[in-house]
Amino acid sequence: MSSVDRSARRLAPTAVAAALGAGLLAAPAVPAQAAEAPPPTVHYTFDQDDLSSGKIIDSSGNGRTASLVNSSTAESVEGTDGGKALALPGGSSASDGAYVRLPREVLADATDLTVSTRVKWSGSTSPWQRLFDLGTDTSAYLNTTPYSGDGTLRTSMTTGEGGAETQVNGYTTLPANEWRTVTVTLDTSADRLTTYLDGVAISSAKTSMNAKDLLGSSATAAGYIGKSFWPDQLFKGAIDDFTVWHSALSPDQVAGMFENIPAFQQLSRTSFEVRTTTGTAPSLPAAVRSSFSDGFDRDMPITWEAVPAEKYAQPGTFTVAGTAAGRAVQDVADAHRIAVGVVVLPDVEQVLGRPPQVGDLAPVVLVAGGGVEAVGVDAVDDRPPRGTQGVAHDGEPCDLLAEGAAAGAPVVLEVVHAP
């Protein structure tokens, strides 16, 4: 079976429903039928390539042939379903290890983007190898590494060098020595960058970038398969399929490329607690870590109910309900449900009625941001004094308890620094 046929497979209705219930970021218009992906911009199957020619043929029909660099060190090996795969040896960036240079048209004029590749990574612990690195140079790129410096599968995108990256991180490395499909979508209408593993979303991040911003006017290529713009190690492993669309595939289109997808198993936790100050809307968790049948944990997006402003207008506590994995999020006593408890606390400026000054005392447990720093002096209820366990500063929530004070009891804070 050709790679074109392999990538065109469709899920049965029950499998599509499972994918949606597993926390993909949007539901399809017709959940009982997997939507087919549109024709790709480029598709490298590696099935019929003569590696000695240094050419990787584009089977999309668009004629976007890629270049195999250092072809003598690459091998054609058995892929999936009887097809062939391109085996790359890895090595330092200065070695003669093989990699693929992509033509400029892979990115040119694109706004939205989907990149999908089926790989078998060797598990080499040299970090920052690239499944692909698309873009111009180290100032503008979209890449995925199976093993970041933090030991995670990571997708990174930037148009302002490394310090301005948008990142989507997994909880661990890409599983090694087995065929897995990594898909990345850039959806500018939703301002989301999303990474999928075998058809199910790992996580996503907000971004305002678009694909055409990755490619400078002077760039003669669109980047690489198996090589980084940085002097990182080359990819060591095999690549069975590499496909690019100039559109953001929907979650059901991504899932529709697979006969079977990992099944959701359980949420890692059933409750949260967040803190905020009066007048400030609470920042609620966007997702909850969840386990799946393939052993790779993913973020399960949570949709929370609206929080009226009067809920956090005064100090106190309240609970917010939402949904995750198709489950109601209301009752923490139910193992299948989760909720977030919100604690609303006053801040120094609100208590004093003016900006804080050094030496001010205020009976609060949270300090306002903007450079304010305070230490616990005494418990409000006259419990033993000066048993400070921490310092509150820069707007970070921090319980400061005097020794012997009950957990959560307010303390008197002394401002030791004010902006």
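Quick note: the coordinates plus some simple rules give every number you see, no bench work behind them. All values reported here derive from a predicted model rather than from experimental measurement. Neighbour counts run over all protein chains shown; Cβ positions are idealised from the backbone, glycine included.
The table below gives the values:
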| item | result |
| --- | --- |
| Descending Cα extents along the principal axes, the stretch 88-135, whole Å | 34, 21, 16 |
| Built amide H within the under 5 Å cut-off of VAL340, gap 5+ | PHE272, VAL320 |
| Rounded to whole Hz, the Karplus (6.51, -1.76, 1.60) HN-Hα couplings of the stretch 239-249, x for glycine and proline | 10, 9, 6, 9, 10, 10, 10, 8, 7, 8, 4 |
| Radius 12 Å from Cβ of ASN177, net charge of other residues (Lys, Arg +1; Asp, Glu -1) | +2 |
| Cα-projected label distance for SER93 with VAL77, points at 7 Å along beta-carbon direction, nm | 2.5 nm |
| For the stretch 97-167: rounded, prolate or oblate by the Cα gyration tensor [a/c cutoff 1.5] | oblate |
| Rounded if a/c under 1.5, otherwise prolate or oblate - the stretch 139-197, Cα gyration tensor axes | oblate |
| Cut-off under 5 Å, modelled amide H: who pairs with VAL288 long-range | MET300, ILE302 |
| Efficiency of FRET between THR111 and GLN314 - r from beta-carbon atoms, R0 56 angstrom, step 0.05 | 0.75 |
| Sequence of TRP128, TRP121 once ranked by neighbouring C-beta atoms within 10 Å, starting from the fewest | TRP128, TRP121 |
| Inter-site label distance for LEU352 and GLN265 at 7 Å from Cα along Cβ, in nm | 5.2 nm |
| Cross-link pairs LYS120/LYS212; LYS84/LYS236; LYS84/LYS227; LYS206/LYS311; LYS120/LYS206; LYS206/LYS236 - those with Cα-Cα distance over 24 Å | LYS120/LYS212; LYS206/LYS311; LYS120/LYS206; LYS206/LYS236 |
| Local electrostatic count at ILE225 - Lys and Arg +1, Asp and Glu -1, tallied over other residues with Cβ under 9 Å | +2 |
